[in-house]
Amino acid sequence: MGKGIDPAALARHRAATQLLHRPGSAKDPAEIARAIAGAQAQDVYAGPLTFRSRSRRLTAADIGRARVEERSLLRSWVMRMTIHMIPTDDAGWWLPLFEPAIEKWSARRLEQLGLPPGRREKALAVIARALADEGPLTRSEARERVAAAGIELDQQTGMHIALSAVVAGIACLGPDRGKQTCLVRREDWLGKLPAFDRGAALAELARRYLDAFGPATDRDFAYWAGLPLRDVRAGLASISNEIQEMRVGEETMLAMRGELASLPRRGQVRMLANFDTYLLGWKDRQFAVADDHAAHVKEGGGGWIRPVIVEDGVVVGGWRSARKGGRLEISINLPKAKRSELAGAIEAEVADIARFEGVEAQVVS
């Protein structure tokens with residue numbers, strides 16, 4: 001068993017593995033996505049901010065360019081049936097590991113919404129032909145093509161048909177048109193993908209998870225992945241010679257062999273956007289979120305993860321933003337004493353968000 005970690009230092013260790021100290025080496029979007037095991041990205045504004053929190057140099061335009069022009073980042077539904085940005089060159093093992101279960105769920109949901117399997121298959125065939133003949137289509141355009149073939153879709157069934165087209169391997173989320181992301185034929189966007197080996201994929205996912213979130217438990221891994229415990233344990237077992245156990249207080253956790261990430265200097269303050277990966281990697285967030293800050297993180301009993309302010313990996317407050325007239329208005333929710341203590345760090349973070357977005361940013365009451 002490897003050396004232990006003081007539970008009081010766990011947040012600092014985990015924040016370091018998630019690159020929240022913004023190391024100078026964090027320059028390439030795809031490599032950052034690989035290091036943090038994907039960036040949750042269903043929110044088109046918040047997703048890119050995940051990279052700002054981990055890199056001093058990247059901008060929102062860089063993330064868009066990596067996704068649309070260089071195609072080194074891919075947005076798709078993977079862990080927890082949620083959209084993430086992952087390195088495109090990992091698509092061959094990452095997508096087929098998660099897509100079959102998501103496709104089955106989406107088909108069941110479409111049937112519940114009144115679209116039986118036969119009509120779903122017809123709708124998907126229509127979308128496949130349209131993408132092959134016409135090129136990228138917005139989701140609204142794909143829905144129009146399906147309607148022209150005699151299958152009416154409402155907002156919910158239209159959303160699920162687009163999801164089904166992606167997870168069935170017909171399409172990818174590709175280029176943007178205005179504020180909409182288009183569907184594009186998968187082979188046109190990704191080329192021919194390699195043969196899939198499920199055992200090897202589970203092993204690689206285990207490596208990525210522990211590199212990005214260790215030390216952690218197998219149940220943390222299952223929570224993050226949205227996979228059955230038996231699957232994550234199979235992945236961990238296949239790389240057992242690469243893993244070490246370590247004590248964190250009274251609990252035994254897992255990490256990759258070798259030294260843990262070096263702890264950066266104290267006083268690291270980050271304004272994390274909603275759904276930041278740092279708050280989604282472990283089943284229990286108490287190492288980073290005290291009870292009196294829980295409301296800053298999560299709204300009600302739903303799955304909405306709010307924007308938060310962390311100091312050395314520990315949540316100390318929250319923040320909100322609104323785009324008004326090409327300007328970003330930011331409000332800060334911190335106890336008075338902490339706001340005074342962190343005034344310089346918050347000012348620097350707000351300035352960096354403005355740099356990243358390429359807009360003026362102002363703190364408002």
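Below is a table of values for the structure above.
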item: The lone exception for Ser262 - which of (1) under 19 Å from Ala203 (Cβ atoms); (2) open to solvent by 50 Å² or more (accessible area, probe 1.4 Å) it fails; result: (1)
item: Single match in Ala30, Ala60, Ala37 (criterion: within 18 Å of the chain's Cα centre (by Cα), closer than 25 Å to Gly226 by Cβ and in contact (Cβ under 8 Å) with a residue 60 or more places away in the chain); result: Ala37
item: Pairs, first within 15 Å of Ala171 (Cα to Cα) in region 69-93, second of a type in the set (Lys, Arg), C-beta under 7 Å, six or more apart; result: Arg75/Arg67; Ile83/Arg75; Thr88/Arg71
item: Condition check for Thr252: more than 30 Å from Ser321 (Cβ to Cβ), among the β-branched types (Val, Ile, Thr) and open to solvent by 30 Å² or more (accessible area, probe 1.4 Å); result: yes
item: Strands (runs of 3 or more DSSP E) completely within region 302-365 that count 1 or more residues being over 21 Å from Arg54 (Cα atoms); result: 314-324, 327-333, 360-363
item: Single unsatisfied condition, Thr252 versus (1) in contact with a Leu (Cβ under 9 Å, 6 or more places away or on another chain); (2) among the polar types (S, T, N, Q); (3) more than 24 Å from Val78 (Cβ to Cβ); result: (1)
item: Considering residues of region 208-249 that are out of contact with any Ser or Thr (no Cβ under 7 Å at 6 or more places or on another chain), small (Gly, Ala, Ser) and part of a loop (DSSP other than H, G, I, E, B) only, the residue least open to solvent (accessible area, probe 1.4 Å); result: Gly249
item: Total residues in region 176-199, condition in contact with a helix residue (DSSP H, G or I) (Cβ under 7 Å, 6 or more places away or on another chain) and within 17 Å of Asp133 (Cβ to Cβ); result: 3
item: 3 or more residues of a type outside the set (A, V, I, L, M) and closer than 20 Å to Arg285 by Cα: qualifying helices (runs of 4 or more DSSP H) within region 1-66; result: 10-17
item: Top-ranked residue in region 64-81 [being in contact with a strand residue (DSSP E or B) (Cβ under 6 Å, 6 or more places away or on another chain) and open to solvent by 10 Å² or more (accessible area, probe 1.4 Å); ranked as nearest to Ile102 (Cα to Cα)]; result: Trp77
item: Members of region 265-290 that are polar (S, T, N, Q), crowded, with 18+ Cβ neighbours inside 10 Å and assigned to a loop (DSSP other than H, G, I, E, B); result: Gln268, Asn274
item: Pick from region 108-132, criterion in contact with a strand residue (DSSP E or B) (Cβ under 9 Å, 6 or more places away or on another chain) and small (Gly, Ala, Ser), ranking: least open to solvent (accessible area, probe 1.4 Å); result: Ala130
item: Residues of region 11-27 classified as touching a residue at least 60 places away in the same chain (Cβ under 8 Å) and small (Gly, Ala, Ser), total; result: 3
item: Filter pass, Gly169 being out of contact with any Leu (no Cβ under 9 Å at 6 or more places or on another chain), part of a loop (DSSP other than H, G, I, E, B) and modelled with pLDDT of 95 or more; result: no
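The values are calculated or read from the model by the stated rules, or taken from the named source; none is laboratory data. None of these values were measured; they are calculated from a predicted model. Every residue, glycine as well, gets a Cβ built from its backbone with ideal geometry; the counts of neighbours run over all protein chains shown. These area figures cover heavy atoms from the full protein model, side chains too; ligands, DNA and RNA do not enter into them. Shrake-Rupley method; radii C 1.70, N 1.55, O 1.52, S 1.80 Å.
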